[in-house]
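Down below is the structure, laid out as structure tokens.
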Amino acid sequence: MRAVLLINFLISSLLVDGFSPALTTRRSSSLSMGLKVGDSFPKDALKKFGASGKKSVIFFFGSDDSPSCKKQNSAFDEQAAEFKKAGATIIGVRNEAGAKNTPDVAQTLVIDESDAVRNEIGIAKDLFGLLGGRETYVVGKDGTVEFVFNDQFKPEDHVSKALAYVESTAASGGSGGFDLGSFFK
């Protein structure tokens, strides 16, 4: 019982102490994102993922068979046609331990061997190192990170927020850094 109370307290503290899904490009809590808007996504990783020269939504998740990861994969699968219409490919990335029963989905799923890319770009583990970080990046054709979203506990939001960004840049014909906080003003 004490362990459950402690975990609830710690999670509540994270949610109160500077953690805000609305502020996705910067935050002050101990959870941190790897790349930021304007950074270059590693060229070798883009090549390995088949994303070189393409506008891509690259999402890092934990495992094919965990409930929240299944939700995220299903949500990306359900919106695949919308992403394609907006000119973006979808790539899901997990490590070899997370590749269990690979789902039949529209998006490309790749394995990040030994978490090499995850470590290179600095995706921190969440919840005291127990969970691999869940992060989504929209990367432009030139390899520049245009959008970042990080929220371990809202897997479907990765889809809706990335799609909103991709559609907004497709409609305007442009690209560039996007602060998700502007959605909530």
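Odds and ends about this structure:
- Averaged per residue, the stretch 33-166 has 44 square angstrom of accessible surface, using a 1.4 angstrom probe with ligands and nucleic acids left out.
- Taking label positions 7 Å along the Cα-Cβ direction at both Glu167 and Asp65, the computed distance is 3.5 nm, reported to one decimal.
- Percent breakdown of C-alpha pair distances by 10 Å bin, ordered from the shortest bin, for the stretch 65-130: 19, 46, 32, 4
- In nm, spacing of pseudo-spin labels at Ser74 and Asp104 (7 Å Cα→C-beta vector): 1.6
The values are calculated or read from the model by the stated rules, or taken from the named source; none is laboratory data. Just so we're clear, the structure is a prediction, and the values are computed from it rather than from any experiment. No Cβ is skipped: glycine too gets one built from the backbone with ideal geometry, and neighbour counts run over all protein chains shown. When the accessible area is computed, the model is the full protein with side chains, heavy atoms only, and any ligands, DNA or RNA have been set aside. Shrake-Rupley method; radii C 1.70, N 1.55, O 1.52, S 1.80 Å.
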